[in-house]
Every structure is written in C-alpha cells, then in structure tokens.
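Participant: What follows is a structure written as structure tokens; I'll ask about it next.
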Amino acid sequence: AKMAAAASDLLTGWCLFGLALLAILVFCWVYVRKYQSRRESEVISTITAIFALAVALITSALLPVDIFLVSYMKNQNGTFKVWADANVSRQIEDTVLYGYYTLYSIILFCVFLWIPFVYFYYEEKEEDDGNTCSQVKTALKYTLGFITICAVLLLIGAFVPLDIPNKKNSTEWEKVKLLFEEFGSSHGLTALSFSISSLTVIGMLAAITYTAYGMSALPLNLIKGTTSASYERLENTEDIEEVEQHLLRIKSKCRDGRPLSSRDRRTLHQLEERLRTLRRRERHLESIEKSWWTKFCEAIRPLKIVWGVFFIIVALLFTVSLFLSNLDKALHSAGFDSGFIILGTNLTNPLNMLLPVLQRVFPLDYILITTIVMYFIFTSMAGIRNMGIWFFWIRLYKIRRGKTRPQALLFLCMILLLIVLHTSYMIYSLAPQYVMYGSQKYLVQWGVIVATHNQLGNIFRSLLYVSVLFPFNLDQCIVTRTYLFLHKFWFFSAAYYFGNWAFIAVFLIGLIVSCCKGKKSVIEGEVDDDDSDMSDDELSVYYH
C-alpha cells in the first residue's frame, strides 16, 4: 500500500510537471508574439525563439525538481522510504542526470549552432534578397566559427586532468592513458561540465548587466507606475503647438524670396522630424487613452503596488543573502586557489535560515526556491527589455512591444539561456546545503564517531537543526545532480565569487538610479525618432 501510494504521488508529480511544461510553452508563444515585429516576423526565427526561451525556463525549473526528488526518497527520521531502495534511487538519479545532459546539450546546440545559424541567415537575407542557397552557405560559414569554439571547449574539458599524478617518472604514454581513463570514467561529464561552466561565466556577465538592474527596476516601476495618458497627451499637444509656431517663424524668413541659411535649413529639418515624432506620439496616446487595457491596468493598480513591494522584498532578501554568503567565503575559505570554497556555513544568511524552517511545512521550501529561480529569470527578461541589447557601449537592438526584430529576439533568447546556466550557481551560493541535499536527514553512527568533548558538543547542537551540511556517512544522503556540474574547476568558482560582488554592486547602483528616476511614460520606448509611420499600425492591435 505504501509503495502504491508512493507511485501515485510520483505519477501526480509527473502530471504536474507536464502541466507546467505546457504552461511554459504557452507563455513562450505569447511572449514572443507580443514583442516580435509583425512586418519582419519569420516562421523559423519565431519557432527558434519560442524553443530557446522554453528550454531556458525548463532548465531553470529542473533545479527545484532535482532538490525535491532527493528529499522525497527519505523519511523525516533519516531513513530511506520502503520503495526507495538502491536500484530505485539509482534510477531516479540517472533520470535526473540524463535530464541535465539533455537540456545542457540542447543549450550547447542552441548557443553554438542553431541560433547563430538563424541569426546570420536573416542578416544575410536583409543584405541579399536573391539566392537562398548562397544565404545558407554564408550563414554556415559564420556558424562554423561557433562550432569550432564548442569543439575546443569540449576537448579541453574532456582531456585536461583534474587530478595531476604525483609520479615524477611516469612516461608520456602513461599520462595519455590516464587522460583517456579519466574521460571514460566520467562518461563525458567533465567535458560537458567544462563547456557549460565556460558559458556560465558569460552568463554571469549577462546577469551582472541585465539581471542586477532588472531586480531593482522591475519592482520600483510596478510601485511608481506610469504617467497618465491624458496628462501626457496634453503636454504633447502643447509641444506640437510650440514646434509648429517655431516652424512658421523660420518659414516666414523666406516669404520675400530670400533663401534660408544653412543653419535655418538644418533647424527646419530637425523641427519637421520632431513634429513627425510628436504626431506619432499623439496617435499612440490617443489609442492608449481609449483602450480597454489601460482601464484594466488602472483598476488593478493596487495589485501592482503589492507585487512591487513583494518583488523588492525578494530582491533585498536575495542580495543580503548573497552578500553574507560571499563575506563568509572571504573570511573562512581556503582562498583563491581553492575557488573560495568553504566546507560549512559560518555566517548564516536569511535564506539559509528560512529554508530549514519552511521544510517543516511541505511544500513551502520548494515554493520559495521556485519563486527565487523564476524571479531571477523574469527580472532578467525585464532588464533586457528596459536596457536593450548592448555590445559594450554600442546599442545593437531594442526590445519593444510589437516592433522587435527577429535578430533581437534571437539575441534575447541566447542571453537568457546563458543567464539560466548561472542561476544554479547563484542559488548554490545562497543555500549550499539545501542545493546539495535538500531536506534530507541522516542517522548518526555513534559508535563510529571519534571526537573530543567540544566536538561532541558541536554534534549535539547540530542535531537541533533540521539537517547537517555534510553527513558523516555519504552513503546515507543523496547529492543532487545539479551539484555534479558545480565546482569541478576551481578557477570557475573563483570567477563566480568575484562576479557575485560585481552583481551586488550593480544592483545597488541600479536601485539608486531607479529610485531617483521619475515615473515612466505610458508609451515608454514605443515611439522613437527613427520609426516609420508604417510602424504605428503594428501597435494598434494591442490598444483596440
């Protein structure tokens, strides 16, 4: 009966996972269709963007599932459940591991092959509307560089030894044989881990740029709201009248047949462009003022404020926990050569304190960890949407509702894929014990422990907590598969450590900037000087 109940619970879990997968696909379709340009939309780029965005969200959702599965196999007293024997637990571990293999391999495929190929194909298509075959050849030529980088990363990860032999008199053949033995024993895990870790460093830079800013901008924008459409329309009308009067003054100079000076002609051209932009703003503001969506947003304004306050609390909890975790590493780790890894927690952060408390009431801890992961992803999307896509100081693309080019959507999805890879390490930095073992407990073998009086006192005090970080018998607890991809290379861990400090600094700067800025325009980013009049038709579907 217990085994049947456990099987029923697992079946229910898989059904919920299937529903979540369906919800992710629907969300990705709505999100991509909402932002893509109607005039420049292409089937292949749309499918690629939806698929890549879905992979990013599914990969981020796998971390809570991994933690739940290792925790579900044990009872509260530290013993394994009846159905969770060695074979069943091994099958569950392998299933989750294969899930990571599959998703990480798909991410490598998207980042190094599929997204670059589709991007360069459409870049070539804009320059040459002729032969499709030549466009494919050119796209493949540029994509070959990304494939080469991926192959190099896989080879380095596969054959660079993690453990250097101490034998000084070993031959070259023995060294080569050791490399192949390590590669065979890891089943390609080290190669994939090195490639993923390399991409994670890039994802860390993207998280510092976009996620840190999005975590401060999104909550404050929800709290402050936008300016009134009627008020903006009144101001816009006054600007139009002022520009028209200025135009009349300049044109009056040439009524007697005298030509305008070069300065007046340049000013006249700028004023005409300014007037054209203001009239486009007028049309957009009029549409927004009459739309049912604006009235609905005004009705749920209190709910937006509540969500904004909740999001800023989560952001502050995340940042304070990350600061304390990094400070703990700075004070108690073995240093740079070890990747700033610490075996234990000396400075407890709020998140590490909250998770053991929530573990007592199922499933509050999983709800919290899922909320943090999803919040990390959605604030990244908000940061990219607000800032646009930059290459150093050069702005490449803007993310605008109904006007985003296919190449910009592909860039957005690639950045999200890289940020998702960094999410697992960020969560591990905040709660290493929870990410490794979940809510598992273990039985202390009193006859085996050899300890001093002070050490025994520490053991008794540790039993007052829900669980202990590192069990005495590693066979009693199952490590999450996520941890297998973390900390294999110390230099990546050191890079993540310094990246966490940069993340905190950018978040604080973004928080100060967001507090000082006023309310956003109700048509923020919708109307630019370089837009054509035809682009006005693309947004009309959202306001009617």
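Participant: Could you state the number of Å between the C-alpha centres of segment 303-359 and segment 383-413?
Facilitator: A separation of 31 Å, based on Cα centres.
Participant: Leaving out ligands, DNA and RNA but keeping every protein chain, what accessible area does Lys253 have, in Å² rounded to the nearest 10, with a 1.4 Å probe?
Facilitator: Here the accessible area works out near 90 Å².
Participant: Something else: Quick one: if you stick a label point 7 Å off each Cα along the C-beta vector at Arg395 and Lys520, how many nm between them?
Facilitator: Placing both labels 7 Å along Cα→Cβ, they lie 1.4 nm apart.
Participant: When each pair of different Cα atoms in segment 278-339 is counted once in the 1/r mean, what is the Kirkwood radius in angstroms, to one decimal?
Facilitator: Answer for segment 278-339: a Kirkwood hydrodynamic radius of 16.0 Å.
Participant: Quick one: which of Lys34/Lys141; Lys34/Lys520; Lys251/Lys403 span more than 24 angstrom between C-alpha atoms?
Facilitator: Lys34/Lys141; Lys251/Lys403
Participant: Another question, if that's okay. Would you mind checking which residues have amide H under 5 Å from Trp390's amide H? H placed 1.01 Å from N; only 5 or more apart, or other chain.
Facilitator: Amide H to amide H, under 5 Å and 5 or more residues apart or across chains, Trp390 pairs with Leu396.
Participant: Also, I was wondering about something else. How would you order 241-247, 224-230, 425-431 from highest to lowest mean count of nearby Cβ atoms within 10 Å?
Facilitator: Answer by packing, highest mean first, reads 425-431, 224-230, 241-247.
The values are calculated or read from the model by the stated rules, or taken from the named source; none is laboratory data. Keep in mind it's a predicted model, so treat the numbers as computed, not measured. Positions of Cβ are backbone-derived with ideal geometry, glycine not excepted, and every protein chain shown enters the neighbour counts. Ligands, DNA and RNA are excluded from the accessible area calculation, which covers all protein heavy atoms including side chains. Shrake-Rupley method; radii C 1.70, N 1.55, O 1.52, S 1.80 Å.
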